[in-house]
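What follows is a short report on a single structure.
The values are calculated or read from the model by the stated rules, or taken from the named source; none is laboratory data. In this text, all values refer to a predicted model and were calculated from it rather than measured experimentally. Using ideal geometry, Cβ is built from the backbone for each residue, glycine included, and neighbour counts are taken over all protein chains shown. When the accessible area is computed, the model is the full protein with side chains, heavy atoms only, and any ligands, DNA or RNA have been set aside. Shrake-Rupley method; radii C 1.70, N 1.55, O 1.52, S 1.80 Å.
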Amino acid sequence: MSVIRRGALTAAPFAIAAAAYVGAFLASYDRLPGRIATHFSGDGAADGFTSRAAALWVGGGVLVGLGLLFTVLVLVSKENSKSRLTAAVGAGTAVTLGYPLVLTVLVNTDVQNPAEVQLPMWHVAVLLLAGVATGGLTWWLTRRGEA
């Protein structure tokens, strides 16, 4: 498999996650409280808060930054198996981070008091399964012998 294709398979999930997060955030920006819930305890209750602007910049920055990091690591990797693993871990990471970031925007939309926001913990299982599935798919798509 070409290194360029492997790099594209690494970058695409981060680009999609960043676009989904920033898009959801900007679409809901006026409907979000000035301070949004960004961290949740084991029972799903909000226990950490950040300003709207900081949440937008930090979340978007993390997705773009990690996307660039993983993509560069894949592109400079000389050994096929390491590059393949890096691509799979990167793609899985994009989903594992993108899902809760978008979900955080959704649960904060139209909320008056961010302390009342709840995020059911079953979402943790979903984000982990989605991340592993995406990583596995990327691993499969980057197998040797593919053009």
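Output the residue which, of all residues in segment 23-44 that are open to solvent by less than 50 Å² (accessible area, probe 1.4 Å) and in a helix (DSSP H, G or I), is farthest from Val111 (Cα to Cα). Among residues in segment 23-44 that are open to solvent by less than 50 Å² (accessible area, probe 1.4 Å) and in a helix (DSSP H, G or I), the one farthest from Val111 (Cα to Cα) is Gly23. Given the criteria under 24 Å from Val64 (Cβ atoms) and either within 21 Å of the chain's Cα centre (by Cα) or modelled with pLDDT of 95 or more (or both), does Leu129 qualify? Criteria not met by Leu129.
Tally the residues that are of a type in the set (Val, Ile, Thr) and farther than 13 Å from Thr93 by Cβ, restricting the search to segment 116-138. Going through segment 116-138 one residue at a time, the tally reaches 3. The requirement of being more than 27 Å from Arg35 (Cβ to Cβ), open to solvent by less than 40 Å² (accessible area, probe 1.4 Å) and not in a helix (DSSP H, G or I) is fulfilled somewhere in segment 131-143, by at least one residue. Scan segment 45-72 for residues that are free of Cβ contacts under 8 Å to residues at least 60 places away in the same chain and assigned to a helix (DSSP H, G or I) and the total you get is 19.
Tally up the residues in segment 30-44 that are without any contact (Cβ under 8 Å) to a residue 24 or more places away in the chain and hydroxyl-bearing (Ser, Thr, Tyr), please.
First, pick out the residues of segment 30-44 that are without any contact (Cβ under 8 Å) to a residue 24 or more places away in the chain: 30, 34, 39, 41.
When the remaining residues are screened for being hydroxyl-bearing (Ser, Thr, Tyr), the result is 41.
Residues flagged as without any contact (Cβ under 8 Å) to a residue 24 or more places away in the chain and hydroxyl-bearing (Ser, Thr, Tyr) within segment 30-44 amount to 1.
Go through (1) crowded, with 16+ Cβ neighbours inside 10 Å; (2) at pLDDT below 95; (3) more than 17 Å from the chain's Cα centre (by Cα) for Thr50 and report which single condition fails. Only one criterion is unmet by Thr50, namely (2).
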